Amino acid sequence: MPMTYYLILSGILFTLGILGVILRRNAIILFMSLELMFNAANILFVAFAAYYQVLSGQMFVFFVMVVAAAEVAVGLALMVTIFRSRNSINVDELNSLKG
Amino acid sequence: MPPLGVLILYIILGLVSVGSAVGLLVSRNAVYSALFLVLNFLTVALLYLVLGAPFIALAQVTVYAGAIMVLFLFVIMMLGAEKLTSSSLRVRGLRVLAVVLGLVFAAEVALFLVVRGGVTAAPAEPTLAFGDPSAVGLMLFNQYTLPFEVTSVILLAAMIGAIVLTRGDLKDRLERRAQAEKKA
């Protein structure tokens, strides 16, 4: 399958991730859309690694996965803490800097 | 053009991944969105397999679909988030504007990657030894040793951060303990 297929698929998934971040107000679904954007970039990395026959693209995917896992852990811990104090994870309501 | 069976596989993979991403966006229930995202991750893992990256494909299934999404589902269940959001957006017309601008962005990305990128040939057929775990492991430990060790520090920092954030300070902990005893 030509590279165009992977480029367009990655672009569509990235755009859908951005739409999810803008349109969804639930903070957890926002994080999930962020993961979708990470995946779109990973598809590009692996496709170019296969195209140029260079293994470093797959190495980058490995590190992106590790950083995404760390970020999800800390982000969800933050969401749990915010929920405990405000009883809401609607990002429209998290609009004051008071603790 | 690849043979018909491979073409059908590619079409199905593309449709399922884009369809599950759209399902993630539009479902009202957070658990359905999480399950759609799991389907998306599994489809992308199949794509990695087709592109000659077996180690990355199984790492994707194990780490993303197996650990990260399970963490998401735990937190969704714990917070009761599936019934928590109001469905109205504060800015009127945001949905239409977002879809229009999303289409503009997608067109711009397609223009940049496809027309100006100049990469139109097909990737090589995957050989057995390309994305092999032994080749990946050799490269990880020979060329990428420093980033590999740094990832262990990143994971340690994330673990400590998650524990400290959810633990709270002493006043919060005493308060929670008092509330739990009052309920019991």
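Bear in mind these aren't lab numbers, they're just calculated from the coordinates by the rules spelled out. Please read all numbers here as calculations on a predicted model, not as lab measurements. Here Cβ is always computed from backbone atoms with ideal geometry, including for glycine, and neighbour counts include all displayed protein chains.
Hey, quick one: spin label on B:R173, modelled 7 Å out along Cα-Cβ, who in region A:71-99 has an amide N within reach, i.e. under 17 Å?
A:81
Take every Cα pair under 8 Å in region B:1-87 that's 6+ residues apart, average their separations, divide by the length, and report that relative contact order as a whole percent.
Values: 61 pairs, mean separation 23.5, N = 87.
Once divided by the residue count of region B:1-87, the mean separation gives 27 percent.
Rounding to the nearest 20 debye, state how big the charge dipole of the protein assembly as shown is about its Cα centre with +1 on each Lys and Arg Cβ and -1 on each Asp and Glu Cβ. Don't skip to the end; give the middle numbers.
Working: 18 positive and 13 negative charges, 258 e Å.
Roughly 1240 debye, rounded to the nearest 20.
Averaging over all projection directions, find the projected area of the Cα convex hull of the protein assembly as shown and quote it in nm² with one decimal place. Let's see the in-between values first.
Working: hull surface 70.5 nm².
The number I arrive at for the protein assembly as shown is 17.6 nm².
If a helix is a whole DSSP H run, which ones in chain B reach 18 Å or further along their own axis (Cα) and hold a mean Kyte-Doolittle hydropathy of at least 0.0? Provide the component values of the computation, followed by the final result.
Values: long enough: B:4-26 (33 Å, 2.54); B:30-50 (30 Å, 2.23); B:94-110 (23 Å, 2.22); B:145-167 (34 Å, 1.67); B:170-183 (20 Å, -2.00).
Helices meeting the criterion: B:4-26, B:30-50, B:94-110, B:145-167.
Give me the one-decimal Kirkwood hydrodynamic radius in Å for region B:1-87, with the sum taken over alpha-carbon pairs.
Numbers: mean 1/r = 0.0709 Å⁻¹.
Taking the inverse mean of 1/r over all distinct Cα pairs, region B:1-87 comes out at 14.1 Å.
Taking only Cα atoms and a 10 Å spring cutoff, compute GNM fluctuations for chain A and point out the largest among A:F45, A:F63, A:F31.
Result for chain A, Cα springs under 10 Å: A:F63 fluctuates most.
How many nm separate the modelled label positions at B:T145 and B:L103, each set 7 Å beyond the Cα in the direction of the Cβ?
It works out to 5.4 nm between the two label points.
If I take all pairs of Cα atoms in chain A, what percentage of them are more than 23 Å from each other? Intermediate values should be presented prior to the final figure.
Numbers: 1892 of 4851 pairs.
Value for chain A (Cα pairs over 23 Å): 39 percent.
List the extent of the Cα atoms of region B:144-184 along each of their three principal axes, largest first, rounded to whole Å.
54, 18, 7
Report the residue, chosen from B:F55, B:F72, B:F41, that carries the largest GNM mean-square fluctuation when chain B is represented by alpha-carbon nodes joined by springs under 10 Å.
B:F72
First obtain the Kirkwood hydrodynamic radius of chain B from its Cα pairs, then insert it into the Stokes-Einstein equation at 37 °C and 0.692 mPa s, and state the resulting D in µm² per second as a whole number. It would help to have the intermediate numbers written out before the result.
Working: Rh = 21.1 Å.
In µm²/s, the coefficient is 155.
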